[in-house]
Amino acid sequence: MKLLIVANWKMNPQSLAEAKRLFNSVKKEIKNVKKVKIVICPPFVYLANLKLGKNDLRLGAQDVFWEEKGAYTGQISPLMLKDLAIEYVIIGHSERRKYLSETDEMINKKLKVVLKTKLKPILCIGETEKEKKAGQTEKVLKSQLEKSLKNISRDKFQSNLLIAYEPIWAIGTGNPCHPKEAKKVLLFLRKIIKKNQILYGGSVNSENARDYIEKAGFQGLLVGGASLNAQEFIKIIRNTI
Ligand code: PGA
């Protein structure tokens, strides 16, 4: 199984020209990288304008709607992503849960349609600082997984679903989860999710990236802020392999 390094650009950059620049710098630099699969998740509006080459660079979306078509103003259908040859889609990112009140039930509906469309969902789960302090991390993660995967058979999600453990208190804070702590969580998740690839996300940078793979045992990374700087993102990739 190849390591997966996912760039979540969030609502950045602010122009197509900049998005192309960033994308092309990464594309050029990773030409000879064979051991890692890299997925760039730009805002929807840039997806059709970023051209993939022949290497292991892929595109992903940051969200999707749970219906395939119809009167849903502002939403994007999984069929539209499929049509653009998008392979991955982030589902349930904590920023969507927080700012758009996305629930596990909505995430469950999205996962069902995404798996049906044969896109690869990257399901984000993670606890808040308050939950962590109250010793509820495992309980929260278990509940998020159970609700998100409700009525989806293991057969269905075994091959295509990816999980990203992203402790909310570590996202965008410059306060990453210690690899030892992350490893404990990973071992817990492994009891529930046996085979799927599990990634770590939350203040990943070129200094700590390798630790999550080598010391903690994750099979990939979800990188936010640091993926907006081409040089730093490339360093993360190089330091990981
Ligand atoms: P960060 O974001 O790397 O900026 O902490 C990670 C994420 O939200 O996926």
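The values are calculated or read from the model by the stated rules, or taken from the named source; none is laboratory data. If you're wondering where the values come from, they're calculated on a predicted model, not measured in any experiment. Quick reminder, even Gly has a Cβ in these numbers, built from the backbone with ideal geometry, and neighbours come from all protein chains shown. Surface areas here come from the heavy atoms of the whole protein model, side chains and all, with no ligands, DNA or RNA. Shrake-Rupley method; radii C 1.70, N 1.55, O 1.52, S 1.80 Å.
Worth pointing out:
- Of the set (1) assigned to a helix (DSSP H, G or I); (2) open to solvent by 20 Å² or more (accessible area, probe 1.4 Å); (3) within 13 Å of the ligand (Cβ to nearest atom); (4) not charged (D, E, K, R), all apply to Y212 but (2).
Quick grid of which residues meet (1) outside any loop (DSSP other than H, G, I, E, B); (2) within 16 Å of the ligand (Cβ to nearest atom); (3) open to solvent by 10 Å² or more (accessible area, probe 1.4 Å):
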{"position": "K180", "(1), (2), (3)": "yes, no, yes"}
{"position": "V185", "(1), (2), (3)": "yes, yes, yes"}
{"position": "R190", "(1), (2), (3)": "yes, no, yes"}
{"position": "Y200", "(1), (2), (3)": "yes, yes, no"}
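- Which listed residue is of a type in the set (D, E, K, R), open to solvent by 10 Å² or more (accessible area, probe 1.4 Å) and in contact (Cβ under 8 Å) with a residue 40 or more places away in the chain, from K112, K82: K112
- For the range 218-231, filtering for residues that are open to solvent by less than 40 Å² (accessible area, probe 1.4 Å) and more than 10 Å from the ligand (Cβ to nearest atom) leaves 3.
- Selection within the range 15-68 - at pLDDT below 95 and touching a Ser or Thr at 6+ places or on another chain (Cβ under 7 Å): V36
- Any hit, the range 121-137, residues being among the β-branched types (V, I, T), open to solvent by 20 Å² or more (accessible area, probe 1.4 Å), part of a helix (DSSP H, G or I) and modelled with pLDDT of 95 or more: yes
- Residue within the range 213-225 that is touching an Asp or Glu at 6+ places or on another chain (Cβ under 6 Å), in contact (Cβ under 8 Å) with a residue 24 or more places away in the chain and under 24 Å from F23 (Cβ atoms) present: no
- Filter result (of a type in the set (A, V, I, L, M, F, W, C), more than 16 Å from the ligand (Cβ to nearest atom) and more than 17 Å from K194 (Cβ to Cβ)) within the range 116-172: L119, A134, V140
- Yes/no for N196 being away from the ligand (no atom under 16 Å from the Cβ), in a loop (DSSP other than H, G, I, E, B) and in contact (Cβ under 8 Å) with a residue 40 or more places away in the chain: no
- Candidate set from the range 87-105 (those that are of a type in the set (A, V, I, L, M) and open to solvent by less than 50 Å² (accessible area, probe 1.4 Å)); member that is nearest to L52 (Cα to Cα): V89
- Being more than 16 Å from the ligand (Cβ to nearest atom) and crowded, with 19+ Cβ neighbours inside 10 Å is a property that does not hold for K2.
- A164 falls short on exactly one of the conditions (1) under 13 Å from G202 (Cα atoms); (2) out of contact with any strand residue (DSSP E or B) (no Cβ under 6 Å at 6 or more places or on another chain), and that condition is (2).
- Any pair with Cβ under 7 angstrom, 6 or more apart, that starts in the range 41-64 at a residue that is open to solvent by less than 10 Å² (accessible area, probe 1.4 Å) and ends at one that is polar (S, T, N, Q): C41/N8; C41/Q62
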